[in-house]
1. Which of the residues belonging to segment 15-69 are polar (S, T, N, Q) and modelled with pLDDT of 85 or more?
2. Can you tell me which condition MET118 does not meet? The list is (1) more than 28 Å from THR14 (Cβ to Cβ); (2) modelled with pLDDT under 80; (3) among the aliphatic types (A, V, I, L, M), and all the others hold.
3. Which pairs do you get when a residue that is more than 17 Å from LEU78 (Cβ to Cβ), found in segment 1-24, comes within reach of a residue that is of a type in the set (A, V, I, L, M) and at pLDDT below 75, reach meaning Cβ atoms under 7 angstrom, with the pair 6+ apart or on two chains?
4. Among the listed residues GLY91, GLY100, which satisfies the condition of being open to solvent by less than 10 Å² (accessible area, probe 1.4 Å) and either under 15 Å from PHE46 (Cα atoms) or assigned to a strand (DSSP E or B) (or both)?
Amino acid sequence: EDISAGYEVSVIRTDTAGNFLDRHDYNGFNGLGSLMKILRTRDGGFIMVGTSNQSERSAGVANTQVLLMKTDANLNKLWMKQFNTTYAAVGYDVFETRDGGYAVGVFERSFNKNFKMMIVKTDASGN
């Protein structure tokens, strides 16, 4: 986590009736960020996947990166990873694997027209 930028994403937690409980802001990644999926993990924490390094003008021309972040049960960040790809990429799905790691669904877009689907497998630390 050597990255220090002024961008952040936020997670707002509500109860089952939709009442506000709390808000958590996360920073430390390149460019604008967005989260696509948040999933509770077996240890009671959460794994989040999305995109970072989005341009303020157009995500299509930015070199977007896959963003993967792990939190504890209270949504305190434990670690965050950004994965570089050849072309602009979006992390859109994640699930915990039997070995405690994660499988991340990614799509990559080259020259704004060709799409490639990928699965990135990590260990429990996101490596």
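The values are calculated or read from the model by the stated rules, or taken from the named source; none is laboratory data. Every value quoted in this text rests on a predicted model; they were computed, and no experiment measured them. Cβ coordinates were reconstructed from backbone atoms using ideal geometry, including for glycine residues, and neighbour counts include every protein chain displayed. Keep in mind that these areas ignore ligands, DNA and RNA; they rest on the heavy atoms of the full protein, side chains included. Shrake-Rupley method; radii C 1.70, N 1.55, O 1.52, S 1.80 Å.
1. THR16, ASN19, THR41
2. All conditions pass for MET118, except number (2).
3. Close Cβ pairs satisfying both conditions: TYR7/LEU32.
4. Values: GLY100 fails: open to solvent by less than 10 Å² (accessible area, probe 1.4 Å).
The conditions single out GLY91.
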